[in-house]
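Since the structure comes first, as structure tokens, the remarks are kept for the end.
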């Protein structure tokens, strides 16, 4: 059996990549994709722990499904916002979306 | 009908007031008859009360009558006492004297007013307020406790405000009314403090007799009592127009003349005298300073008013100064503990002063002129007014055998016997000056050639409503003084005579001393003769003297600049202080304190909002950094 | 009869949805409904006052206690109850509130802008005021207190009037905001103090009748009482936290000014008495000299400030500060006579200041200015109005026979009895200054020759005259026959711990 450490390292790498993307990117779509990466890292963790800690229970796996569903919904919502933003102001750069700023 | 029903005396005019206030406009003749009937009933009721008092007297010891209702009463739980305020009435000889003067003069004045106020647009209102005025004054006189006395006192002041300002469309009348009320109110501050002081250390009651009893038993500390009575005296100062609160009284002549007769001669201003007379046992128990203050204030007022009377040209103002003069004399008497003399003077003063004012009113009514520089020679046109006015003038000057003489002489005898010789001399010199200015008043108004023909032609004697009160008052002013003789007093039914009747403590008789009488008569009569000579005809002699002493005459004409000093004090001190505080309130407390703290909150927000950059990566970075810090903290603390 | 207190709270709350049902194009209907509700409240309030009779204990009558929250967390038995009851101090104030809302409805007859919204907020406020006077549960006391304060913001900001003065301006929003912020600031202190009290007492209940039985640590009382004193003091117009009052009055519409100066400011003084002094007697005693000093300062400062005002509303506003100073003096005397006087003064001031605002409002509606120096001789055109104003003024300067004298006299006697000579003397002096500014105002604006500019002035509206007549009747009633008031007040005050004879 593959040791759990491998999964955790993979998850950590994915999460860090995602986080870097969120912090460093300015394009809203790319930020959204980075957020997805972070979510998938979490899902890997859930599944890995679920299998290793208690193979009988499905708690972790169910959670993973939840996360995927919510990630899909969130992506849809976020893309909709980004589209509206682009329609109205012809931007997809989050720095320029500063209407609510003081 | 006895002393226990004496409360009816103020209650009847009070009821008349209530009826007139509500239904007055709907009554025939605007209800003047109701007001007069009410005060007439009060006047009549004085006699059964007097008879009852005399009936119950044991020789010359009078038993006072009292009747009281509870007004406020509650238990002071923790100390087991009861706080009580009564509406109570107390009848003793002093009260009776006051009642007689007030009701009689008020009756005369109201009858006279029917003619005088005829056609005035607020005729009904005049009689309404007159009723309230009479009711308040009678309440003040009859009150058995200091609080009811204070209530009547304030109500009298309020009525005088309404009556002085009766023609409030005139700016000067509105100002005079305001001045009268505020000036007397200044005195009332002291009065109220005095009343509360007497209650505070006293027998837990406002009842005057109990307080006096308590004080005579040595219940109050000496200094405390002195302070309390001096505060009380402050109230008397304001109400009786004594120096330095005399400024309102001459101005108060802005009211209709009958009002002046009632308020500023016969009743309201003597309230202060009455208060001091009533509370005199306290003054006597207190430190001698208290009585000396009364005496000195009286003396100062006597001299000030007599000299100011020399310079005034408005006939009503001259009479107003003579009132101040008389009141000063009464306070001198009280300062010498001579209650009977003061009350006698008050009694006869009520008649002759009302007579003078009503006579002046008759002149004003006939000529519509009250500056004596434009009058003159009216005796030919108005014989009854002139004759009665002459009686009043001579009574005021104090010539034998008119009423003023006997009363004034009593005061002089006391001053000579009991006080420093300076007091006596000052009084004598004031008598001479009184003779001077009263003679001037009469001569300039009624004798010699008229100064303005048109005014003279216009003049005529008033109707019976005007002349009859003048004649009645003239008679009383002429013979009222004879009550000093014990025989007269006894004949009238007062056992032991008038002095016995009003004297509070021990038996006392009027004292008549020939040398004093002669001195005073010579001085007063001499003053009058000199006045006649000076102001006869075109008064060239007086004008020459006036010009020769122009600084003094200017000082007198400007009333010693006391009004100016007050005006300055009000404009430059009180109002400026008010302005400073208002400014402080707006600028310091509001703009700095309130708006300042609001600005601090605003400024903090202004700076703090810069943290909100609005850039998503900044927020994301902050989240990450925060999580990292938390993780490190957890690691460090767990290891 | 048991539900009468509940009705006092419920009626004003219940008419609010009724107002919402009225279409806004029929403002007259809203007015009739308001008049109806106001009359009902007046009748019920008068009933409470008349029927109230002291029957031992803490003097509570018409009690009604419903459980609300208990035995949860820190709350013990009867933790928070909806507890109504009126005592001898509350009864006159309930009556006062009934009279003032009744009068205010008639004075507000000419509100044309969003009529029904105005009345909704007005009655919401009134229910809060009633709630404070009759709540015996500290939690609900505070709740109603907030209900009474908050509608004021909208009432002033929407229906108020902005003023321009030569050197400064006072927009209505400013007055509304300042008033709300200061009062809410005071509420914060009260809120803290209430919870401190709750925890310290350890009884697990907010029931005031239980809390007053607890003997609290003296040091604790000394720390917490000032929170109540200052927190409620803000609403009572305590110097130097009074500045919301003149500015708020100037900005507020007439009916709101009446309620505000007439009853709302009394809530503060009532709170100090009911919560502060009753629950923390030792703290009250410790801080009494401070309260006395602040009260005297307010009394003198207010009257001197009023002397300097030429704007009629500012003058009345500062006179309120001055008279509330008397109330605080009476409370601070901690003597039965003085505290009785303070409660009497709450009533007397409520009636006369409502009358004054009625008058100022009536004049302002016609003349559109309030600067007394611009008037002159208007008594000729508005005789009744002038007489009403004069009566209110005379009551405030303490003319015997009117309500103000009875109250002020008790306060002064109480203050002297407590040994504060200086305070009593200054208080009486302040009453004399009151005479000065009242008479100065009358002489300037109402007497003297008629200024031709004001030839067209008419007598005030019948509704205003009616409202004024009701208030004058109360002023005379209390001035001539104060016994019914004093009987009710005195026995309750006697039961308050820390009050000496």
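The values are calculated or read from the model by the stated rules, or taken from the named source; none is laboratory data. Quantities reported herein were computed from a predicted structural model and do not represent experimental measurements. As a convention, Cβ positions derive from the backbone with ideal geometry for all residues, glycine included, and neighbour counts pool all protein chains shown.
A compact table of results
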item: Selection from the stretch B:154-168 of residues that are facing chain C (nearest Cβ under 8 Å) and assigned to a helix (DSSP H, G or I); result: B:154, B:155, B:158, B:161
item: Where a residue in the stretch C:6-35 is in contact (Cβ under 8 Å) with a residue 12 or more places away in the chain and its partner, wherever it lies, is part of a loop (DSSP other than H, G, I, E, B) and surrounded by 16 or more Cβ atoms within 10 Å (Cβ to Cβ), with Cβ under 6 Å and at least six apart; result: C:30/C:22
item: Matching residues, the stretch C:441-465, being crowded, with 16+ Cβ neighbours inside 10 Å and in a helix (DSSP H, G or I); result: C:441, C:442, C:443, C:444, C:445, C:446, C:454, C:463, C:464, C:465
item: Residue in the stretch B:77-86 that is farthest from the other protein chains (Cβ to nearest Cβ), counting only those that are out of contact with any helix residue (DSSP H, G or I) (no Cβ under 7 Å at 6 or more places or on another chain) and not in a strand (DSSP E or B); result: B:80
item: Selected residue (only one of B:89, B:74 is in a strand (DSSP E or B) and under 30 Å from residue C:54 (Cβ atoms)); result: B:74
item: Flag for residue C:468 being closer than 28 Å to residue B:184 by Cα and in contact (Cβ under 8 Å) with a residue 40 or more places away in the chain; result: no
item: Boolean, residue C:420 is closer than 23 Å to residue C:317 by Cα, touching a helix residue (DSSP H, G or I) at 6+ places or on another chain (Cβ under 8 Å) and more than 8 Å from chain B (Cβ to nearest Cβ); result: no
item: Scope the stretch C:63-85; condition closer than 26 Å to residue C:200 by Cα and touching a helix residue (DSSP H, G or I) at 6+ places or on another chain (Cβ under 9 Å); matching residues; result: C:68, C:69, C:74, C:78, C:79, C:80, C:81, C:82, C:83, C:84, C:85
item: Qualifying residue in the stretch C:175-183 (condition: within 13 Å of chain B (Cβ to nearest Cβ) and on the phi > 0 side of the Ramachandran plot); result: no
item: Among the candidates B:63, B:44, B:49, B:91, residue that is more than 14 Å from chain C (Cβ to nearest Cβ), modelled with pLDDT under 80 and closer than 25 Å to residue B:149 by Cα; result: B:63
item: Count of the stretch C:274-291 residues which are closer than 21 Å to residue C:321 by Cα and surrounded by fewer than 24 Cβ atoms within 10 Å (Cβ to Cβ); result: 4
item: Complete set of residues in the stretch A:11-35 that are buried (at least 18 other Cβ atoms within 10 Å of the Cβ) and either away from chain B (no Cβ under 14 Å) or within 12 Å of the chain's Cα centre (by Cα) (or both); result: A:11, A:14, A:15, A:18, A:19, A:21, A:22, A:31, A:32, A:34, A:35
item: Residues located in the stretch C:473-501, provided they are outside any helix (DSSP H, G or I) and touching a residue at least 60 places away in the same chain (Cβ under 8 Å); result: C:482, C:496, C:497, C:498, C:499, C:500, C:501
item: Yes/no for residue A:8 being assigned to a helix (DSSP H, G or I), under 11 Å from the mean Cα position of the chain (by Cα) and away from chain B (no Cβ under 11 Å); result: no
item: Residue B:544 vs. criteria under 30 Å from residue B:175 (Cβ atoms), more than 34 Å from the chain's Cα centre (by Cα) and in a helix (DSSP H, G or I); result: no
item: Residues satisfying the stated conditions in the stretch C:404-419, i.e. in contact (Cβ under 8 Å) with a residue 12 or more places away in the chain, buried (at least 24 other Cβ atoms within 10 Å of the Cβ) and over 22 Å from the mean Cα position of the chain (by Cα); result: C:413
item: Number of positions in the stretch C:136-174 that are more than 20 Å from the chain's Cα centre (by Cα) and either assigned to a helix (DSSP H, G or I) or within 14 Å of chain B (Cβ to nearest Cβ) (or both); result: 15
item: Filter pass, residue C:470 being in a helix (DSSP H, G or I) and away from chain B (no Cβ under 11 Å); result: yes
item: Test: residue B:558 is away from chain A (no Cβ under 14 Å), farther than 26 Å from residue C:167 by Cβ and surrounded by 10 or more Cβ atoms within 10 Å (Cβ to Cβ); result: yes
item: Considering residues of the stretch B:566-621 that are out of contact with any helix residue (DSSP H, G or I) (no Cβ under 6 Å at 6 or more places or on another chain) and outside any helix (DSSP H, G or I) only, the residue nearest to the other protein chains (Cβ to nearest Cβ); result: B:614
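Residue by residue, here is whether (1) out of contact with any strand residue (DSSP E or B) (no Cβ under 6 Å at 6 or more places or on another chain); (2) free of Cβ contacts under 8 Å to residues at least 12 places away in the same chain; (3) surrounded by fewer than 21 Cβ atoms within 10 Å (Cβ to Cβ) holds:
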residue	(1), (2), (3)
B:57	yes, no, yes
B:71	no, no, yes
B:81	yes, no, yes
B:96	yes, no, no
B:100	yes, no, yes
B:103	yes, no, no
B:110	yes, no, no
B:128	yes, no, no
B:140	yes, no, no
